[in-house]
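Below is one structure; the comments refer to it alone.
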Amino acid sequence: MNYRSLIARIPDGNSSGVYRAKKYAISKSTYNGGRSCKIYAEELGGREFISMNFYQMKSGDLLKPCEMPQQKVVDFLREVDFIA
């Protein structure tokens with residue numbers, strides 16, 4: 001799976017999006033010259049959240065969800081629609 005293209009959809013800094021009819025505040029911080037990042041999204045007025053780290057390594061890309069199933073993170077990355 002090409003995680004880079006999914007993660008590239010998320011703007012650096014703070015943004016807002018809708019995922020499965022719920023609004024989220026989204027934060028993306030990029031490190032190491034763009035080779036790693038942290039994404040945290042929190043449902044506004046709710047209890048859901050998405051938290052993950054991503055690393056571009058010589059051996060391949062590594063997606064590390066924080067205390068949640070990887071599929072939940074991938075679904076969010078694929079499905080979130082950004083609010084301008």
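General observations
- Counting Lys and Arg as +1 and Asp and Glu as -1 over every other residue whose Cβ lies under 9 Å from the Cβ of Tyr19, the net charge comes to -2.
- Calculated [θ] (222 nm, deg cm²/dmol) that DSSP helices of n ≥ 4 give over the chain, each run adding -39,500 (n - 2.57): -5000 deg cm²/dmol
- To put it simply, the accessible area of the chain at a 1.4 Å probe is 48 percent carbon and sulfur.
- Dimensions (Å) - the chain, Cα atoms, principal axes, largest first: 39, 25, 18
- Couplings 3J(HN,Hα) of the range 18-27, computed from phi: 10, 9, 6, 6, 10, 8, 10, 8, 10, 10 Hz, in residue order, whole Hz [Karplus 6.51 cos²θ - 1.76 cosθ + 1.60, θ = phi - 60°; x for Gly and Pro].
- In order along the range 71-83, phi translates into HN-Hα couplings of 4, 4, 5, 4, 4, 4, 4, 6, 9, 5, 10, 8, 9 Hz, rounded to whole numbers, per the Karplus curve 6.51 cos²θ - 1.76 cosθ + 1.60 with θ = phi - 60° and x for Gly and Pro.
- Accessible area (Å², per residue) of the chain, counting only protein heavy atoms and a probe of 1.4 Å: 62
The values are calculated or read from the model by the stated rules, or taken from the named source; none is laboratory data. As the structure is a computational prediction, the values presented were derived from the model and not from experiment. Neighbour counts run over all protein chains shown; Cβ positions are idealised from the backbone, glycine included. Calculation scope for accessible area: heavy atoms of the full protein, side chains included, ligands and nucleic acids excluded. Shrake-Rupley method; radii C 1.70, N 1.55, O 1.52, S 1.80 Å.
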